[in-house]
Every structure is written in structure tokens, then in C-alpha cells.
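Inspection log for the structure reproduced underneath, given as C-alpha cells.
The values are calculated or read from the model by the stated rules, or taken from the named source; none is laboratory data. For clarity, every value in this text was computed on a predicted model and none was experimentally measured. A quick note on method: Cβ atoms are made from the backbone with ideal geometry, for glycine too, and the neighbour counts reach across all protein chains shown. Keep in mind that these areas ignore ligands, DNA and RNA; they rest on the heavy atoms of the full protein, side chains included. Shrake-Rupley method; radii C 1.70, N 1.55, O 1.52, S 1.80 Å.
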Amino acid sequence: MSRLDKLEKAVLMAGPRVDDIYDQVKAMAVSFRLRPGDRLNEVALSKELGVSRTPLREALNRLVAERLFDFRPGQGFFCRPLDAQSVFDLFELRQIIESAAARSACAKASDEDLKALRDELYSTGIDITGLTVEEAVSRDEAFHLGIARLSGNNEMIQTLTRINERIRYIRWISMSLDRVQRSKGEHKRVMQALMDRDADEAARVLSAHISKRMDQVQESVRHGISSIYMEGPEEISARVIEETHG
């Protein structure tokens with residue numbers, strides 16, 4: 001085997017390994033298993049994952065680019081902070097993107113694609129009673145990303161995906177605090193507006209559905225920080241939703 005062949009083989013073997021590390025560390029960051037603001041202990045984390053520090057650092061650099069970690073020269077990697085203003089800004093950006101996606105979907109999506117999204121919404125069930133918080137948020141994300149995909153704009157889809165990752169923990173907290181009373185009815189109204197190709201109504205309902213006041217965000221962040229230290233993300237995400245309204 002030539003030197004070039006060996007190099008290509010090494011790259012092929014290393015690539016998926018870094019991707020696997022990236023996925024594992026991202027899951028820890030998204031759920032705040034790594035506590036907000038803490039300096040990352042690379043040695044301890046590499047031992048926990050059973051990997052060397054070189055691919056771990058490559059994965060961490062990718063996550064810095066996605067704003068899930070901070071890097072400070074001379075100090076190392078730090079877990080992202082959990083502060084109300086940043087979370088509020090992300091919800092505001094999500095509101096802008098999803099409203100635009102709904103308008104674009106009304107103009108671009110085929111009748112077949114709209115029907116497929118509607119069928120998926122109703123086949124999975126709008127009522128989330130009996131689901132865990134993690135399952136309910138995942139189902140909700142899928143519906144909203146489904147609308148974004150109908151826009152046909154890949155940049156919009158990727159941006160929304162990354163926003164969802166950065167606010168997922170707060171959405172778990174909001175869901176566990178019973179902030180889902182209106183979701184079922186609003187999803188129905190959004191879907192009907194899309195089927196009617198009523199861009200103004202789809203954007204209006206979706207925008208109101210996503211909108212968060214600063215005091216709501218502050219409450220969720222306050223509970224979120226407390227839960228990280230008192231209960232743990234695993235317990236929050238595994239909580240079963242017993243009843244929803246509306």
C-alpha cells in the first residue's frame with residue numbers, strides 16, 4: 001500500500017470517529033449535562049468518551065463554530081452560558097425565520113407535499129399526553145422543520161436546526177412547566193393556513209405560537225439553571241406529560 005493510500009485510509013477511518021465524538025459531545029452540550037459556564041476538562045472528557053484529545057479537540061472546534069461552546073485563548077473550552085438575553089434573542093430569531101418559512105412554503109410547496117405534512121402531523125397525533133418531555137419537543141421540532149423544508153431554502157433549514165439545538169433545553173423546561181396549552185390548536189390553525197395557501201395567516205399564527213416574552217424566558221432560564229443542579233437534565237427530559245389543554 002502506497003503512502004497516499006495509507007493516508008486516504010487513515011482519513012476515512014478518522015472522519016467517522018470525529019463525527020461520533022462530535023455527536024456525543026453535542027448531545028451533552030444541548031442537554032446541559034456539561035454545566036453552563038464551566039471550563040471543560042478535556043483530559044477527563046477524553047477518558048470518559050474513550051478517545052484521544054486530538055479528535056476531541058476537532059469536535060469541540062466544530063461545536064465552537066455552532067456556538068455550543070466558547071473558546072478562550074490560553075484558558076480552553078467553556079460550556080455555553082445559560083442567560084435570558086441570549087435565549088430571548090434565539091427565540092426572536094426563530095420567530096423571524098419560521099414566519100418567513102411559512103410564507104415561502106405557501107408559495108412554493110406542492111399540494112402533495114402540504115398533504116404529506118398534514119398527514120404526518122395527524123398520524124403522529126397532536127395530543128402529546130403520555131409522551132416524555134423530550135419526545136414531545138422532538139415531535140414539535142419535526143413539525144416546524146417540516147414547514148421550513150417546504151420553503152426549499154437549505155440555509156433556512158440549517159439555521160433553524162441549529163437554533164433548535166441551542167434552545168432545546170429551555171424548551172424542555174417550558175414543556176415541563178406546562179406551557180403547552182395552546183400548541184395543539186395552533187398547530188391545527190397553522191396547518192390549515194398552509195393548506196389554504198394563506199401566507200399572512202400562516203405567518204401570523206406561527207409567529208404568535210413561537211413568541212416568548214422576556215419574563216417567560218427569564219422564568220424558564222431560572223428554572224433551567226435550578227434543574228441542572230437539583231434534578232439533572234435526564235430527569236427533566238424523561239418527565240411524562242400527563243395532560244394538555246386546548
In nm, the gap between the two label points placed 7 Å beyond Cα toward Cβ at residue 154 and residue 120 is 1.8
The helix 3-30 Cα axis meets the longest alpha-carbon principal axis of the chain at an angle in degrees, between 0 and 90 and rounded to 10, of 50
Checking 66, 48, 141 against a Gaussian network model of the chain (alpha-carbon springs below 10 Å), the top fluctuating residue turns out to be 48
Cα extents of segment 21-156 along the principal axes, largest first, in whole Å, come to 54, 32, 29
If one compares the long axis through the Cα atoms of helix 183-195 with the longest principal axis of the Cα atoms of the chain, the angle in degrees, nearest 10, works out at 80
Mean projected area, convex hull of alpha-carbon positions in the chain, reported to one decimal in nm², is 16.3
Out of 237, 69, 152 - ranked by how far each Cα lies towards the positive end of the dipole of the chain, with unit charges on the beta-carbon of charged residues - the top one is 69
Scoring the chain by relative contact order with C-alpha pairs under 8 Å, at least six apart, yields a percentage of 27
In the structure shown, of 26/108; 26/184; 26/188; 115/188, the pairs separated by more than 24 angstrom at the C-alpha atoms are 26/108; 26/184; 26/188
Out of 177, 160, 82, a Gaussian network model of the chain with alpha-carbon springs under 10 Å gives the largest mean-square fluctuation to 177
Whole-percent carbon and sulfur contribution to the accessible surface of the chain (1.4 Å, no ligands, DNA or RNA) stands at 49
Highest GNM mean-square fluctuation among 29, 44, 105, for the chain with Cα springs under 10 Å, belongs to 44
